[in-house]
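Notes follow the structure.
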Amino acid sequence: MRIEHAEVIVCSPGRNFVTLKLVTSDGVVGYGDATLNGRELAAASYLRDHLAPLLIGRDAHRIEDTWQYLYRGAYWRGGPVAMTAISAVDVALWDIKGKACGLPVYQLLGGACRDGCLAYAHASGRDVAELLEAVAAKLALGYRAVRAQAGVPELRKVYGVATGSEAYEPAARGARPDEEVWDSRAYLRHVPGVFAALRAQFGPEPALLHDVHHRLTPLQAAQLGRALEPHDLFWLEDVTPAENPDALRLVREHTVTPLAIGEAFNTFWHCRTILQDRLVDYIRVKPSHTGGISHVRRILALAELSQIRSGCHGATDISPVGMAAALHVGLAIPNFGIQEHQRHEPLVDAVFPHAYRFDDGYLHPGDEPGLGVSLDEALAAQHPYVAAYLPVNRLADGTMHDW
Ligand code: GCO
Ligand code: MG
(Lines give C-alpha, C1' and ligand atoms only; values in the text may rest on other atoms or scores of the structure.)
(Ligands and ions follow the chains in the order given, each with its own letter.)
Protein backbone atom coordinates (compact mmCIF):
# COMPACT_ATOMS: atom_id res chain seq x y z
CA MET A 1 0.00 0.00 0.00
CA ARG A 2 1.85 3.07 -1.30
CA ILE A 3 1.21 6.73 -0.57
CA GLU A 4 -0.05 8.14 -3.85
CA HIS A 5 -1.26 11.59 -2.97
CA ALA A 6 -0.33 14.13 -0.27
CA GLU A 7 -2.25 17.37 0.06
CA VAL A 8 -2.21 20.21 2.58
CA ILE A 9 -5.57 21.84 3.29
CA VAL A 10 -5.60 25.18 5.09
CA CYS A 11 -9.00 26.42 6.22
CA SER A 12 -10.49 28.88 8.68
CA PRO A 13 -13.95 27.91 9.91
CA GLY A 14 -13.78 30.59 12.63
CA ARG A 15 -10.10 29.84 13.31
CA ASN A 16 -7.25 28.48 11.21
CA PHE A 17 -6.46 24.81 10.75
CA VAL A 18 -3.82 23.05 8.65
CA THR A 19 -4.67 19.47 7.71
CA LEU A 20 -2.59 16.91 5.86
CA LYS A 21 -4.50 14.45 3.69
CA LEU A 22 -2.72 11.32 2.46
CA VAL A 23 -4.28 8.90 -0.01
CA THR A 24 -2.88 5.43 -0.67
CA SER A 25 -2.82 3.27 -3.78
CA ASP A 26 -5.72 1.31 -2.20
CA GLY A 27 -7.74 4.51 -1.84
CA VAL A 28 -7.36 4.71 1.95
CA VAL A 29 -7.41 8.31 3.22
CA GLY A 30 -5.55 9.45 6.34
CA TYR A 31 -5.60 12.84 8.05
CA GLY A 32 -3.05 14.61 10.22
CA ASP A 33 -3.26 17.93 12.10
CA ALA A 34 -0.48 20.45 11.33
CA THR A 35 -2.03 23.53 12.92
CA LEU A 36 0.60 25.80 14.46
CA ASN A 37 -1.30 28.68 16.04
CA GLY A 38 -0.21 32.02 14.55
CA ARG A 39 2.42 30.32 12.30
CA GLU A 40 0.08 28.15 10.22
CA LEU A 41 1.54 28.93 6.81
CA ALA A 42 5.07 28.00 7.87
CA ALA A 43 3.95 24.50 8.90
CA ALA A 44 1.85 24.22 5.71
CA SER A 45 4.85 25.13 3.55
CA TYR A 46 7.19 22.70 5.36
CA LEU A 47 4.68 19.95 4.65
CA ARG A 48 3.70 20.95 1.13
CA ASP A 49 7.10 22.00 -0.19
CA HIS A 50 9.47 19.68 1.69
CA LEU A 51 7.73 16.60 3.08
CA ALA A 52 4.88 15.82 0.68
CA PRO A 53 7.22 15.15 -2.30
CA LEU A 54 9.23 12.70 -0.14
CA LEU A 55 6.13 10.76 0.83
CA ILE A 56 4.91 9.85 -2.63
CA GLY A 57 5.61 6.19 -3.37
CA ARG A 58 6.51 5.25 0.23
CA ASP A 59 4.94 2.20 1.90
CA ALA A 60 2.11 3.67 4.01
CA HIS A 61 2.47 0.88 6.59
CA ARG A 62 6.03 1.86 7.51
CA ILE A 63 5.10 4.47 10.12
CA GLU A 64 8.20 4.28 12.29
CA ASP A 65 10.59 4.20 9.35
CA THR A 66 8.89 7.24 7.83
CA TRP A 67 9.19 9.07 11.16
CA GLN A 68 12.91 8.24 11.36
CA TYR A 69 13.40 9.24 7.72
CA LEU A 70 11.80 12.65 8.20
CA TYR A 71 13.35 13.36 11.62
CA ARG A 72 16.85 11.87 11.36
CA GLY A 73 17.05 12.47 7.65
CA ALA A 74 16.83 16.23 8.08
CA TYR A 75 20.04 17.95 9.11
CA TRP A 76 17.93 20.71 10.77
CA ARG A 77 16.12 18.68 13.38
CA GLY A 78 13.37 19.63 15.77
CA GLY A 79 11.66 22.97 16.26
CA PRO A 80 7.93 23.66 16.21
CA VAL A 81 7.52 24.00 12.43
CA ALA A 82 9.33 20.81 11.43
CA MET A 83 7.91 18.78 14.30
CA THR A 84 4.34 19.93 13.63
CA ALA A 85 4.75 18.82 10.02
CA ILE A 86 6.25 15.44 11.00
CA SER A 87 3.44 15.04 13.54
CA ALA A 88 0.83 15.41 10.82
CA VAL A 89 2.48 12.75 8.64
CA ASP A 90 2.74 10.33 11.56
CA VAL A 91 -0.89 10.83 12.66
CA ALA A 92 -2.15 10.45 9.06
CA LEU A 93 -0.24 7.16 8.74
CA TRP A 94 -1.74 5.80 11.99
CA ASP A 95 -5.17 6.80 10.64
CA ILE A 96 -4.42 4.88 7.44
CA LYS A 97 -3.16 1.81 9.29
CA GLY A 98 -6.26 1.75 11.47
CA LYS A 99 -8.54 2.00 8.44
CA ALA A 100 -6.54 -0.66 6.56
CA CYS A 101 -6.88 -3.02 9.57
CA GLY A 102 -10.49 -2.08 10.31
CA LEU A 103 -9.56 -1.06 13.88
CA PRO A 104 -9.65 2.16 15.88
CA VAL A 105 -6.12 3.45 16.48
CA TYR A 106 -6.30 2.82 20.23
CA GLN A 107 -6.58 -0.91 19.50
CA LEU A 108 -3.33 -0.76 17.52
CA LEU A 109 -1.68 0.92 20.51
CA GLY A 110 -2.44 -1.99 22.84
CA GLY A 111 -6.14 -1.50 23.49
CA ALA A 112 -8.10 0.48 26.05
CA CYS A 113 -6.67 0.88 29.55
CA ARG A 114 -9.81 2.67 30.77
CA ASP A 115 -13.43 3.32 29.78
CA GLY A 116 -12.94 7.00 28.95
CA CYS A 117 -10.51 9.91 29.25
CA LEU A 118 -11.19 12.37 32.09
CA ALA A 119 -11.64 15.79 30.46
CA TYR A 120 -11.23 19.30 31.79
CA ALA A 121 -13.21 22.23 30.50
CA HIS A 122 -12.29 25.91 30.40
CA ALA A 123 -14.11 28.45 32.56
CA SER A 124 -13.23 32.11 32.87
CA GLY A 125 -14.67 35.35 34.17
CA ARG A 126 -13.70 38.99 34.12
CA ASP A 127 -14.39 38.98 37.85
CA VAL A 128 -14.93 36.31 40.47
CA ALA A 129 -18.73 36.40 40.24
CA GLU A 130 -18.58 35.80 36.48
CA LEU A 131 -16.05 32.98 36.98
CA LEU A 132 -18.26 31.25 39.58
CA GLU A 133 -21.11 31.25 37.07
CA ALA A 134 -18.86 29.92 34.31
CA VAL A 135 -17.54 27.07 36.49
CA ALA A 136 -21.09 26.17 37.58
CA ALA A 137 -22.10 26.00 33.89
CA LYS A 138 -19.25 23.58 33.08
CA LEU A 139 -20.05 21.37 36.07
CA ALA A 140 -23.68 21.33 34.92
CA LEU A 141 -22.49 19.95 31.55
CA GLY A 142 -21.01 16.99 33.42
CA TYR A 143 -17.35 18.03 33.66
CA ARG A 144 -15.58 16.85 36.81
CA ALA A 145 -12.53 19.03 36.18
CA VAL A 146 -12.43 22.71 35.24
CA ARG A 147 -9.62 25.12 34.41
CA ALA A 148 -10.41 28.46 36.06
CA GLN A 149 -8.96 31.79 34.84
CA ALA A 150 -10.04 35.16 36.19
CA GLY A 151 -9.55 38.80 35.27
CA VAL A 152 -7.23 40.77 37.56
CA PRO A 153 -8.75 44.05 38.83
CA GLU A 154 -5.69 46.14 37.89
CA LEU A 155 -5.39 44.66 34.37
CA ARG A 156 -7.59 45.61 31.44
CA LYS A 157 -7.48 42.19 29.78
CA VAL A 158 -5.96 38.86 30.77
CA TYR A 159 -5.07 36.03 28.35
CA GLY A 160 -7.34 33.03 28.81
CA VAL A 161 -10.28 35.10 30.04
CA ALA A 162 -13.26 35.53 27.71
CA THR A 163 -14.15 39.18 27.10
CA GLY A 164 -17.87 38.66 26.52
CA SER A 165 -20.46 35.94 26.42
CA GLU A 166 -18.48 33.94 23.82
CA ALA A 167 -15.86 31.37 24.80
CA TYR A 168 -12.36 32.76 24.62
CA GLU A 169 -10.29 31.93 21.54
CA PRO A 170 -6.50 32.01 21.92
CA ALA A 171 -5.78 33.68 18.55
CA ALA A 172 -7.42 36.88 17.30
CA ARG A 173 -7.90 37.60 13.60
CA GLY A 174 -5.88 40.55 12.28
CA ALA A 175 -2.58 41.34 10.60
CA ARG A 176 -0.73 41.90 13.90
CA PRO A 177 -1.00 40.39 17.38
CA ASP A 178 -3.02 42.23 20.02
CA GLU A 179 -0.93 43.74 22.82
CA GLU A 180 -1.83 43.06 26.44
CA VAL A 181 -0.39 44.63 29.59
CA TRP A 182 0.82 42.35 32.36
CA ASP A 183 1.65 42.84 36.04
CA SER A 184 2.83 39.73 37.91
CA ARG A 185 2.46 41.33 41.37
CA ALA A 186 -1.19 42.29 40.78
CA TYR A 187 -1.85 38.78 39.44
CA LEU A 188 -0.16 37.08 42.42
CA ARG A 189 -2.18 39.15 44.89
CA HIS A 190 -5.43 38.19 43.19
CA VAL A 191 -5.28 34.48 42.30
CA PRO A 192 -5.30 32.81 45.77
CA GLY A 193 -8.55 34.64 46.65
CA VAL A 194 -10.11 33.43 43.40
CA PHE A 195 -9.47 29.80 44.31
CA ALA A 196 -10.63 30.35 47.89
CA ALA A 197 -13.93 31.62 46.43
CA LEU A 198 -14.17 28.61 44.09
CA ARG A 199 -13.64 26.10 46.90
CA ALA A 200 -16.10 27.97 49.14
CA GLN A 201 -18.71 27.74 46.39
CA PHE A 202 -18.10 24.27 44.96
CA GLY A 203 -16.57 22.33 47.86
CA PRO A 204 -13.64 19.92 47.74
CA GLU A 205 -14.78 17.56 44.96
CA PRO A 206 -14.35 19.22 41.53
CA ALA A 207 -10.80 19.12 40.16
CA LEU A 208 -9.63 22.71 39.65
CA LEU A 209 -6.79 23.64 37.30
CA HIS A 210 -5.06 26.92 36.54
CA ASP A 211 -2.78 28.07 33.69
CA VAL A 212 -0.08 30.68 34.29
CA HIS A 213 1.08 30.82 30.63
CA HIS A 214 4.81 30.89 31.40
CA ARG A 215 4.74 34.33 33.03
CA LEU A 216 6.45 34.03 36.43
CA THR A 217 9.98 33.85 37.77
CA PRO A 218 10.79 30.64 39.67
CA LEU A 219 10.44 32.43 43.01
CA GLN A 220 7.09 33.98 42.10
CA ALA A 221 5.91 30.58 40.88
CA ALA A 222 6.97 28.98 44.16
CA GLN A 223 5.06 31.67 46.09
CA LEU A 224 1.95 31.06 44.00
CA GLY A 225 2.16 27.28 44.35
CA ARG A 226 2.43 27.64 48.11
CA ALA A 227 -0.42 30.16 48.35
CA LEU A 228 -2.67 27.77 46.40
CA GLU A 229 -1.91 24.70 48.52
CA PRO A 230 -4.97 25.12 50.79
CA HIS A 231 -7.22 25.04 47.70
CA ASP A 232 -6.02 21.63 46.44
CA LEU A 233 -5.41 22.29 42.74
CA PHE A 234 -5.35 19.38 40.30
CA TRP A 235 -2.48 21.24 38.63
CA LEU A 236 -0.82 24.57 38.17
CA GLU A 237 0.30 24.86 34.54
CA ASP A 238 3.24 26.52 32.79
CA VAL A 239 4.40 28.56 35.76
CA THR A 240 7.77 29.52 34.24
CA PRO A 241 9.04 29.90 30.64
CA ALA A 242 8.93 26.55 28.84
CA GLU A 243 12.43 26.49 27.46
CA ASN A 244 14.18 26.33 30.84
CA PRO A 245 13.33 23.16 32.79
CA ASP A 246 15.83 24.09 35.51
CA ALA A 247 13.54 26.93 36.58
CA LEU A 248 11.12 24.30 37.89
CA ARG A 249 13.60 22.99 40.46
CA LEU A 250 13.18 25.96 42.76
CA VAL A 251 9.39 25.83 42.36
CA ARG A 252 9.41 22.15 43.27
CA GLU A 253 11.50 22.69 46.38
CA HIS A 254 8.98 25.10 47.82
CA THR A 255 5.53 23.80 46.97
CA VAL A 256 3.54 20.56 46.84
CA THR A 257 0.96 21.99 44.43
CA PRO A 258 1.06 19.60 41.40
CA LEU A 259 2.71 21.10 38.31
CA ALA A 260 2.14 20.63 34.57
CA ILE A 261 4.16 21.80 31.56
CA GLY A 262 4.83 20.81 27.96
CA GLU A 263 2.27 22.22 25.49
CA ALA A 264 5.08 24.13 23.74
CA PHE A 265 7.55 21.22 23.70
CA ASN A 266 8.24 19.54 20.39
CA THR A 267 10.58 16.61 21.09
CA PHE A 268 11.68 14.30 23.88
CA TRP A 269 14.72 16.54 24.34
CA HIS A 270 12.54 19.25 25.90
CA CYS A 271 11.21 16.65 28.33
CA ARG A 272 14.36 14.77 29.32
CA THR A 273 15.40 16.72 32.42
CA ILE A 274 11.82 17.17 33.54
CA LEU A 275 11.09 13.44 33.32
CA GLN A 276 14.39 12.28 34.78
CA ASP A 277 14.25 14.64 37.75
CA ARG A 278 10.49 14.47 38.11
CA LEU A 279 10.07 18.23 38.00
CA VAL A 280 6.35 18.09 37.15
CA ASP A 281 3.42 15.73 37.73
CA TYR A 282 1.75 16.06 34.31
CA ILE A 283 3.37 16.42 30.90
CA ARG A 284 1.35 18.20 28.21
CA VAL A 285 2.92 16.81 25.02
CA LYS A 286 0.39 15.88 22.33
CA PRO A 287 0.39 14.17 18.95
CA SER A 288 -0.16 17.45 17.06
CA HIS A 289 3.11 19.23 17.87
CA THR A 290 5.34 16.68 19.55
CA GLY A 291 6.09 14.31 16.71
CA GLY A 292 2.78 12.55 16.28
CA ILE A 293 1.45 9.45 17.99
CA SER A 294 4.78 7.60 17.59
CA HIS A 295 6.90 10.16 19.43
CA VAL A 296 4.34 11.11 22.10
CA ARG A 297 3.88 7.45 22.94
CA ARG A 298 7.62 7.13 23.58
CA ILE A 299 7.71 10.23 25.78
CA LEU A 300 4.71 9.09 27.79
CA ALA A 301 6.19 5.61 28.22
CA LEU A 302 9.26 7.23 29.78
CA ALA A 303 7.05 9.53 31.85
CA GLU A 304 5.35 6.49 33.33
CA LEU A 305 8.66 5.33 34.79
CA SER A 306 8.79 8.59 36.78
CA GLN A 307 5.11 8.36 37.82
CA ILE A 308 4.32 11.35 35.60
CA ARG A 309 0.92 11.34 33.92
CA SER A 310 -0.32 12.74 30.62
CA GLY A 311 -2.26 15.99 30.35
CA CYS A 312 -2.51 16.55 26.61
CA HIS A 313 -3.01 20.06 25.30
CA GLY A 314 -6.50 20.35 23.80
CA ALA A 315 -7.11 24.04 23.12
CA THR A 316 -9.14 25.08 20.06
CA ASP A 317 -5.99 25.23 17.93
CA ILE A 318 -5.74 21.43 18.21
CA SER A 319 -8.05 20.41 15.36
CA PRO A 320 -10.54 17.57 15.78
CA VAL A 321 -7.94 15.39 14.00
CA GLY A 322 -5.38 16.28 16.68
CA MET A 323 -7.96 15.79 19.45
CA ALA A 324 -8.85 12.34 18.16
CA ALA A 325 -5.17 11.36 18.02
CA ALA A 326 -4.70 12.50 21.63
CA LEU A 327 -7.76 10.51 22.74
CA HIS A 328 -6.62 7.28 21.08
CA VAL A 329 -3.27 7.62 22.89
CA GLY A 330 -4.97 8.65 26.14
CA LEU A 331 -7.28 5.64 26.14
CA ALA A 332 -4.41 3.20 25.52
CA ILE A 333 -1.61 4.34 27.86
CA PRO A 334 -1.37 3.23 31.49
CA ASN A 335 -0.38 6.68 32.80
CA PHE A 336 -3.16 8.83 31.38
CA GLY A 337 -3.88 11.84 33.62
CA ILE A 338 -6.38 14.21 32.07
CA GLN A 339 -7.29 15.64 28.65
CA GLU A 340 -7.90 19.34 27.99
CA HIS A 341 -11.21 19.88 26.19
CA GLN A 342 -11.75 23.39 24.93
CA ARG A 343 -14.77 22.73 22.76
CA HIS A 344 -14.74 23.74 19.10
CA GLU A 345 -17.46 25.89 17.61
CA PRO A 346 -20.23 23.95 15.77
CA LEU A 347 -18.84 25.08 12.38
CA VAL A 348 -15.49 23.41 13.17
CA ASP A 349 -17.30 20.22 14.16
CA ALA A 350 -19.16 20.39 10.83
CA VAL A 351 -15.92 20.77 8.84
CA PHE A 352 -14.34 17.85 10.76
CA PRO A 353 -17.13 15.29 11.46
CA HIS A 354 -15.80 13.02 14.22
CA ALA A 355 -16.58 9.93 16.24
CA TYR A 356 -15.14 11.09 19.56
CA ARG A 357 -17.73 12.03 22.13
CA PHE A 358 -18.07 13.62 25.57
CA ASP A 359 -20.21 11.93 28.15
CA ASP A 360 -20.49 12.53 31.90
CA GLY A 361 -17.04 14.10 32.29
CA TYR A 362 -15.16 11.69 30.02
CA LEU A 363 -14.11 11.74 26.37
CA HIS A 364 -13.99 8.60 24.24
CA PRO A 365 -12.38 8.40 20.77
CA GLY A 366 -15.14 6.16 19.40
CA ASP A 367 -14.75 2.84 17.59
CA GLU A 368 -14.54 3.79 13.94
CA PRO A 369 -11.50 2.40 12.11
CA GLY A 370 -8.53 4.77 12.20
CA LEU A 371 -8.90 8.06 14.05
CA GLY A 372 -12.61 8.41 13.36
CA VAL A 373 -12.38 11.93 11.90
CA SER A 374 -13.01 13.11 8.35
CA LEU A 375 -12.83 16.44 6.56
CA ASP A 376 -15.66 18.06 4.62
CA GLU A 377 -13.46 19.58 1.94
CA ALA A 378 -16.24 21.53 0.22
CA LEU A 379 -17.22 23.21 3.49
CA ALA A 380 -13.57 23.82 4.38
CA ALA A 381 -13.03 25.52 1.01
CA GLN A 382 -15.74 28.04 1.87
CA HIS A 383 -13.59 29.24 4.78
CA PRO A 384 -10.13 30.23 3.54
CA TYR A 385 -7.16 31.19 5.73
CA VAL A 386 -7.36 34.47 7.65
CA ALA A 387 -4.25 35.84 9.39
CA ALA A 388 -4.62 35.48 13.19
CA TYR A 389 -2.18 35.71 16.06
CA LEU A 390 -1.85 34.98 19.74
CA PRO A 391 -1.46 38.25 21.68
CA VAL A 392 1.88 39.57 22.91
CA ASN A 393 2.46 40.65 26.44
CA ARG A 394 4.13 43.84 27.73
CA LEU A 395 4.72 45.34 31.14
CA ALA A 396 3.23 48.77 31.96
CA ASP A 397 6.45 50.50 30.84
CA GLY A 398 6.35 48.78 27.44
CA THR A 399 8.92 46.02 28.14
CA MET A 400 8.14 42.76 26.33
CA HIS A 401 7.25 40.00 28.82
CA ASP A 402 7.12 36.19 28.63
CA TRP A 403 3.90 34.39 28.19
C1 GCO B 1 -4.02 26.06 27.01
C2 GCO B 1 -3.25 27.12 26.40
C3 GCO B 1 -3.67 27.71 25.13
C4 GCO B 1 -2.45 28.05 24.31
C5 GCO B 1 -2.72 28.00 22.86
C6 GCO B 1 -1.45 28.21 22.09
O7 GCO B 1 -5.05 25.71 26.48
O8 GCO B 1 -3.56 25.56 28.02
O9 GCO B 1 -2.21 27.65 27.09
O10 GCO B 1 -4.53 28.79 25.26
O11 GCO B 1 -1.93 29.28 24.67
O12 GCO B 1 -3.29 26.77 22.59
O13 GCO B 1 -1.63 27.95 20.76
MG1 MG C 1 -1.70 26.21 28.63
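Can you find a residue that is touching a Leu at 6+ places or on another chain (Cβ under 9 Å), within 16 Å of ligand 2 (Cβ to nearest atom), assigned by TED's automatic domain parsing to the domain that holds Tyr120 and open to solvent by 10 Å² or more (accessible area, probe 1.4 Å) anywhere in segment 341-349?
Initial filter on segment 341-349 (touching a Leu at 6+ places or on another chain (Cβ under 9 Å)): 341, 347.
Checking the rest, the ones that are also within 16 Å of ligand 2 (Cβ to nearest atom) come to 341.
This time we only want the ones that are assigned by TED's automatic domain parsing to the domain that holds Tyr120, so: 341.
Going one step further and asking which of them are open to solvent by 10 Å² or more (accessible area, probe 1.4 Å), we end up with 341.
Within segment 341-349, one or more residues are touching a Leu at 6+ places or on another chain (Cβ under 9 Å), within 16 Å of ligand 2 (Cβ to nearest atom), assigned by TED's automatic domain parsing to the domain that holds Tyr120 and open to solvent by 10 Å² or more (accessible area, probe 1.4 Å).
Here Leu208 clears all of (1) away from ligand 1 (no atom under 13 Å from the Cβ); (2) open to solvent by less than 20 Å² (accessible area, probe 1.4 Å); (3) not in a strand (DSSP E or B) except the condition numbered (3).
Looking for whichever is assigned to a loop (DSSP other than H, G, I, E, B), open to solvent by less than 40 Å² (accessible area, probe 1.4 Å) and more than 16 Å from ligand 2 (Cβ to nearest atom) here; the options are Val161, Val152, Val135. Which one fits? Break it down stepwise before answering.
Numbers: Val161 fails: more than 16 Å from ligand 2 (Cβ to nearest atom); Val135 fails: assigned to a loop (DSSP other than H, G, I, E, B).
Among Val161, Val152, Val135, only Val152 is assigned to a loop (DSSP other than H, G, I, E, B), open to solvent by less than 40 Å² (accessible area, probe 1.4 Å) and more than 16 Å from ligand 2 (Cβ to nearest atom).
Which residue is surrounded by the fewest Cβ atoms within 10 Å (Cβ to Cβ), if the candidates are limited to segment 363-394 and must be charged (D, E, K, R) and under 16 Å from Pro353 (Cβ atoms)? Out of the qualifying residues, it is Asp367.
For segment 152-173, the set of residues classified as small (Gly, Ala, Ser) and away from ligand 1 (no atom under 16 Å from the Cβ) consists of Gly164, Ser165, listed by residue number.
Given the criterion in contact with a His (Cβ under 8 Å, 6 or more places away or on another chain) and either within 16 Å of ligand 2 (Cβ to nearest atom) or free of Cβ contacts under 8 Å to residues at least 60 places away in the same chain (or both), identify the matching residue among Asn335, Asn266.
Numbers: Asn335 fails: in contact with a His (Cβ under 8 Å, 6 or more places away or on another chain).
On inspection, the qualifying residue turns out to be Asn266.
Evaluate the following for Arg297: is it surrounded by fewer than 24 Cβ atoms within 10 Å (Cβ to Cβ), more than 14 Å from ligand 1 (Cβ to nearest atom), within 30 Å of Asp376 (Cα to Cα) and at pLDDT 95 or above? It would help to see each step written out before you state the result.
Numbers: surrounded by fewer than 24 Cβ atoms within 10 Å (Cβ to Cβ): yes; more than 14 Å from ligand 1 (Cβ to nearest atom): yes; within 30 Å of Asp376 (Cα to Cα): yes; at pLDDT 95 or above: yes.
Answer is yes for this residue.
Quick one: what pairs do we get from segment 278-300, first residue at positive phi, second away from ligand 2 (no atom under 16 Å from the Cβ) and among the acidic types (Asp, Glu), C-beta under 6 Å, 6+ apart or different chains? That search, which allows pairs on different chains as well, returns Gly292/Asp90. Annotation: of all residues in segment 168-216 being more than 18 Å from Ala227 (Cβ to Cβ) and charged (D, E, K, R), the one that is modelled with the lowest pLDDT is Glu169. Every condition in (1) farther than 28 Å from Asn335 by Cα; (2) in contact with a Gly (Cβ under 7 Å, 6 or more places away or on another chain) holds for Tyr46 except the one numbered (2). Among the residues of segment 114-128, what is the count of those that are open to solvent by less than 10 Å² (accessible area, probe 1.4 Å) and hydrophobic (A, V, I, L, M, F, W, C)? Result for segment 114-128: 4.
For segment 234-246, name all the residues that are within 16 Å of ligand 2 (Cβ to nearest atom) and open to solvent by 10 Å² or more (accessible area, probe 1.4 Å). Phe234, Pro241, Ala242, Glu243, listed by residue number.
Considered as a group, the residues in segment 226-247 that are outside any loop (DSSP other than H, G, I, E, B) and acidic (Asp, Glu) include one that is farthest from ligand 1 (Cβ to nearest atom), and that residue is Glu229. Taking helices (runs of 4 or more DSSP H) as the structural unit, those lying wholly within segment 1-117 and holding at least 2 residues that are touching a residue at least 12 places away in the same chain (Cβ under 8 Å) and touching a strand residue (DSSP E or B) at 6+ places or on another chain (Cβ under 6 Å) correspond to 40-45, 52-55, 80-101. Listed conditions (1) assigned to a helix (DSSP H, G or I); (2) open to solvent by 10 Å² or more (accessible area, probe 1.4 Å) are all met by Ile274, apart from (2). Within segment 331-352, the set of residues being touching a helix residue (DSSP H, G or I) at 6+ places or on another chain (Cβ under 9 Å) and more than 16 Å from ligand 1 (Cβ to nearest atom) comprises Leu331, Ala332, Ile333, Pro334, Asn335, Phe336, Leu347, Asp349, Ala350, Val351, Phe352.
Check whether at least one residue in segment 306-329 is away from ligand 2 (no atom under 16 Å from the Cβ), within 16 Å of the chain's Cα centre (by Cα), assigned by TED's automatic domain parsing to the domain that holds Leu209 and in a loop (DSSP other than H, G, I, E, B), and report yes or no. Yes, some residue in segment 306-329 is away from ligand 2 (no atom under 16 Å from the Cβ), within 16 Å of the chain's Cα centre (by Cα), assigned by TED's automatic domain parsing to the domain that holds Leu209 and in a loop (DSSP other than H, G, I, E, B).
The values are calculated or read from the model by the stated rules, or taken from the named source; none is laboratory data. Predicted model, so just to flag it, every value in this text is computed and none were measured. Please note: Cβ atoms are built from the backbone with ideal geometry, for glycine as well, and neighbour counts cover all protein chains shown. Each accessible area value is taken on the protein alone, full model and side chains, heavy atoms only, with ligands, DNA and RNA left out. Shrake-Rupley method; radii C 1.70, N 1.55, O 1.52, S 1.80 Å.
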